[in-house]
1. Which whole-number percentage describes the relative contact order of the range 128-250, with Cα contacts under 8 Å and a sequence gap of 6 or more?
2. How much accessible area per residue does the range 337-442 have, in Å², with a 1.4 Å probe?
3. What's the ranking of 523-532, 75-84 by average number of surrounding C-beta atoms within 10 Å, highest first?
4. Run through all the Cα pairs of the range 313-395 and give the fraction in each 10 Å bin from 0, expressed as whole percent.
5. Run the simple label-point estimate for Tyr50 and Asp531 please: 7 Å along Cα→C-beta, distance reported in nm.
6. Only four residue types carry charge here, +1 at the Cβ of Lys and Arg and -1 at the Cβ of Asp and Glu. Report the dipole size of the chain about the Cα centre in Debye, rounded to the nearest 20.
7. How big is the Kirkwood radius of the range 351-466, worked out from every pair of different alpha carbons and given in Å to one decimal?
8. Which Cα, out of Ala46, Leu532, Tyr471, lies furthest along the positive dipole direction of the chain (beta carbon charges, K/R +1, D/E -1)?
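The values are calculated or read from the model by the stated rules, or taken from the named source; none is laboratory data. As the structure is a computational prediction, the values presented were derived from the model and not from experiment. Cβ placement follows ideal geometry from the backbone for every residue including glycine, while neighbour counts extend to all protein chains displayed. Note: areas computed on protein heavy atoms with side chains; ligands, DNA, RNA excluded. Shrake-Rupley method; radii C 1.70, N 1.55, O 1.52, S 1.80 Å.
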Amino acid sequence: MPNNTIKNLLAGAALLTTGLLNAQQWGDYTLYSVQNSTTTYLIDTANVTYHTWTHASGKGTGYSSYLAPGGTLIRTVKKTGNSFSGGGMCGEVMKVDYNGTVLWDYVVSSTTECSHHDICPMPNGNVLMIVYELKSSSQVTQAGCSSAITMWPDKIIEVQPTGATTGNIVWEWHLWDHLCQDFDAAKDNYVTNTTDHPELFDINSSITKEIWHMNGIDYNPVLDQIVVSAHNTDEFYVIDHSTSSAEAAGHTGGYGGRGGDFLYRWGYASNYGISGNNNFNVLHDAHWIPEGTPNAGRIVALNNKGISNTQSCIDQAQPPVVNYNYTYTPNTSWAPSAYTSRLNCNGGTSNMGNSQQLPNGNTMYCLALSGSMYETDPAGTTIWSKVASGSVAQAFRYSACHVNNAAPAIPTISQSINTLTSTSATTYQWYFNGVLMPGETNQSVNATQSGNYVVRVTDANGCTYSYSLTYEFQLSTGISEADPNVLKLFPNPTTGMLQLDGTATGDDFNVFVYDTYGKLVTSVHNETRIDLSEFANGIYQVVVENENIGRINRKVMLMK
C-alpha cells in the first residue's frame with residue numbers, strides 16, 4: 001500500500017521523475033548543518049554552495065533541519081542553559097525564511113522538560129516535537145518499576161505557532177500513559193503478564209534514566225499516524241495521531257480504535273517478552289518511504305551497528321497494515337520476522353545519521369559522526385558524495401522546484417449526498433480508510449462506503465503533494481444536507497452554550513465538534529445542548545451522525 005510521509009515530502013520527494021531506476025543523481029540540492037554550528041548549507045550536486053543561513057551566536061544546530069516547500073528552514077537549536085543534558089539535547093525550534101529572517105523561535109526547556117533530537121514539520125504549519133519529561137524516583141516506583149531511579153520518558157507535542165516566540169500545544173502523547181508491569185500488583189500499570197500486552201511498554205524492560213531516548217519522528221498524512229524510533233529499546237513504534245489528546249492518554253479512540261497505545265512496534269521483540277525479531281543494534285531515523293518512490297509504504301530506519309560495530313546499514317520493514325491497524329498474532333513477534341530489505345553502508349556511524357529514499361530508486365545516506373553524505377544508485381554504486389568538517393546528524397536532498405515553490409494549498413472536501421469533491425487543484429488521488437483508491441483521480445469521487453476519505457493533490461508545479469484532512473463520511477439517505485430543518489444550531493454565533501434542533505437530532509445520534517485544524521475537541525451522544533465555553537474563540541465544525549439520515553455538517557462561531 002503506497003503511503004506518504006511528511007519528512008520525505010519536505011525532503012523534496014518530487015512527483016514528476018525523469019524515469020525510475022536509473023543511474024543518475026536525483027534532485028538538485030543537499031541540506032545539511034554541522035552539529036552545534038551556526039551555519040546551514042544548501043549545496044548543489046557539484047558540492048558548490050548554493051545558499052547558506054547564518055544563525056545568531058548561541059543558536060547552533062541541535063540535531064535535525066528541514067526545508068519546507070518554498071525555502072523556509074525549520075531547524076532544531078541547541079539552547080544554552082538547558083537543565084537537561086545529554087546527546088541530542090535541543091530545547092529550541094526555529095523557523096527561518098529563505099532570506100534568513102527568523103519567523104518563529106520556540107523554546108521547550110525548563111527544569112521539568114526539554115525538547116531533543118528530531119522534529120517533524122506538519123502540512124498545516126505545526127511542528128511535532130520530541131520532549132523529555134522528568135519523573136521522580138517515587139513516580140517511577142509508583143508506576144511499577146523495580147528500581148527507584150529518576151526517569152526521562154518521552155512525550156510528543158504538536159505545536160501550533162501563534163507568534164514570534166509563542167505556540168499552542170494542540171495535541172500531545174505521553175509514553176508514561178502507556179506503560180505496563182507485572183512486578184508489583186499494588187502499583188500502577190499492573191498486568192498479570194506483560195507479554196500479553198505488546199500495545200504497552202514494560203517499564204522494567206528498560207530500566208534507565210532515558211527509558212526510550214527517542215531520536216526520530218515522522219508523520220503519515222494518509223493514515224494520520226506517527227512513527228518514532230528509540231535508541232535505548234532498539235524499536236520503532238507507530239502511534240495514532242487521529243486521537244484527541246484525551247484519547248491519546250487512554251486506550252480507546254482514534255481511527256485505529258486503540259487510543260494512544262501502540263498500533264505497531266518492530267525491531268526488538270524481547271522488549272515485550274517474545275524471542276526473535278531482535279533486529280536493530282542502535283537505530284535512528286524511523287520514517288515511511290513516500291509515495292512516488294520504490295517500496296512506498298515500508299518503514300525504514302538506520303541500523304547503526306547492524307553489520308558490525310563499524311558498519312551501518314539501512315533496514316526496511318513492510319508493516320502488516322490493514323486499514324488503520326496492523327495484524328498481530330498473540331504471543332508472537334510483530335511481522336515481519338526480519339527486515340524486508342537491507343542496504344549496507346559504506347562505513348558506519350555508531351550514533352545519529354539518516355537515510356532518504358529518492359523517487360528514481362536512489363538512496364541518500366548520512367553517516368553522522370564522520371560527516372559523510374553520499375548517494376547511491378539502485379545497483380549500490382556511489383554517484384555523489386560530500387564529507388563535512390564535523391558531525392552531521394541528518395542530511396536531505398531537495399529538488400529546485402521544492403526550494404522555489406510553496407506547497408499547494410491543503411485541499412478541503414465538500415459533500416453533496418454521496419459525492420465528495422475536492423477544492424480545485426491540478427491532479428487528484430483519493431484514499432479510503434488509509435488505502436489508495438485505484439483510478440480515483442478526478443476532482444470528485446462517488447463514495448460508496450461509509451468511512452474515512454482523503455484526497456491528495458498537486459498544483460501546476462507538480463513537485464510537492466498536499467493532503468486533505470480526513471473526511472469522515474456516512475452514506476446519505478438522500479435527505480438534503482442544505483435543508484435547514486435537518487439541523488439547526490442556535491445561537492450562532494454563540495458565547496458558549498449551543499442548542500441543536502432538527503430531524504438529525506431525532507432517534508439515535510452522535511455529535512462531534514472539530515476545530516479549524518480538523519481535530520475533534522468534544523463529542524456527545526443523544527444530547528442537544530453542547531457547552532463550548534472552555535474552548536478558544538473561533539469557527540468550529542459541528543457534525544451530527546444519525547443512522548437514519550446520515551452525516552450532517554454545520555459551522556458555528558464561538559465568540560465569548
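1. After rounding, I find 22 percent.
2. 37
3. Final packing ranking: 75-84, 523-532.
4. 16, 39, 25, 17, 3
5. Here the answer is 5.6 nm between the modelled labels.
6. 1260
7. Result for the range 351-466, one decimal place: 17.1 Å.
8. Ala46
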